[in-house]
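Accompanying notes for the structure given below.
The values are calculated or read from the model by the stated rules, or taken from the named source; none is laboratory data. The structure displayed is predicted, hence computed values, not measured ones. In this analysis, Cβ positions are derived from the backbone assuming ideal geometry, glycine residues included, and neighbour counts consider all displayed protein chains.
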Amino acid sequence: MIKINADFFLLEKNRKKIFVVMGIVLVFFLVSVSVYSANGAFANLSNEIESMESEICNLQNVLNNTYVELNQTRADLSQSIIEKHSLHDELNVSIDEKVALQNTLTETELSESIEENSVLLDKLILTSPPTAVTKTNRSRLWTLMDDRFNLLGVQTHLLDYNYSLTNKSEVERFLSRDLEINDQFEYITDVYDCDDFALRAYGELSIPGWSGLAIGIASFKTSNTTFHMTLLFVDVDEKIWMIDYSEVKEIPDGWILSYVLI
């Protein structure tokens, strides 16, 4: 009985040692686990810190690039503003020049218009219908021509039934315009001579207000071998004149009428 108790006591004592040892082992295990866990957490934390540092570096690079781009944009904007100011100044200068040119052109055009209108007015005055007009007819005109030239054997063509007569000064007024035209042409025998001048002057007078006058084409024999073409004109006093190179003249004695068309 005593031995059993002794064994039990010994077993109980050993159990306590075992529990103590097991407790120590457990504590050591827990400490090891904690240390291992702490090391893993620290490693993870280190990795996260490295990752954050990398992201911070990337972000810093992005910010640096953005700063450079902003500076470039600001420089471009400044240059654009300078160019726009320069363009604005050029446009102002261009507008001023155009206004000045327009004013100059306006004055020039006005002067030219006044001059053109003045020339036109002069032409209208020169070509306005004659005054002091009286009437005559074919029969009376034939009698006047026959008395002056003896129309026997003369090719005579009086194409209208009625004619108008006016003053010599009125015809000279019209011909003063024709003189300006004559001055532009050079007399050349057989090219631009008496017949050409006469026909052109007759055409000039063939306008409303003047075409009804007793003015026509005539050809004179001035010598045995020479002929001269001119215009005939009968004035309000029934006197017969010739229009030679845009001038009203007396018909020379000795000239023989060979052809007339009025």
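Quick check, is V171 in contact (Cβ under 8 Å) with a residue 60 or more places away in the chain, in contact with a His (Cβ under 9 Å, 6 or more places away or on another chain) and either of a type in the set (V, I, T) or under 28 Å from T131 (Cα atoms) (or both)?
no
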Problem - Filtered residues of segment 132-166 (kept if within 25 Å of I256 (Cα to Cα) and assigned to a loop (DSSP other than H, G, I, E, B)) - result: N150, L151, L152, G153, V154, L158, L159, D160
Exercise for the section: Within segment 215-231, track down each residue that is crowded, with 16+ Cβ neighbours inside 10 Å and either farther than 14 Å from G203 by Cα or touching a residue at least 40 places away in the same chain (Cβ under 8 Å) (or both). Expected result: I215, G216, I217, A218, S219, F220, H228, M229
Practice task
Return the pairs, sorted by first residue and then second, in which the second residue is outside any helix (DSSP H, G or I), the first residue lies in segment 39-56 and is modelled with pLDDT of 70 or more, the beta carbons are less than 8 Å apart, and the residues are 6+ apart or on different chains.
Solution key: none
Exercise for the section: Being under 22 Å from W255 (Cβ atoms), charged (D, E, K, R) and loosely packed, with under 15 Cβ neighbours inside 10 Å is the filter; apply it to segment 173-197 and report the residue that is modelled with the highest pLDDT. Expected result: D193
Problem - Filtered residues of segment 236-246 (kept if in a loop (DSSP other than H, G, I, E, B) and β-branched (V, I, T)) - result: V236
Exercise for the section: Kindly indicate which of N150, N167 is exposed (fewer than 15 other Cβ atoms within 10 Å of the Cβ) and either in contact with a Cys (Cβ under 9 Å, 6 or more places away or on another chain) or in the same structural domain as T222 (by TED's automatic domain parsing) (or both). Expected result: N150
Completion exercise
Of the listed residues (F233, F220), the one being within 53 Å of the chain's Cα centre (by Cα), within 23 Å of M145 (Cα to Cα) and in a strand (DSSP E or B) is F233
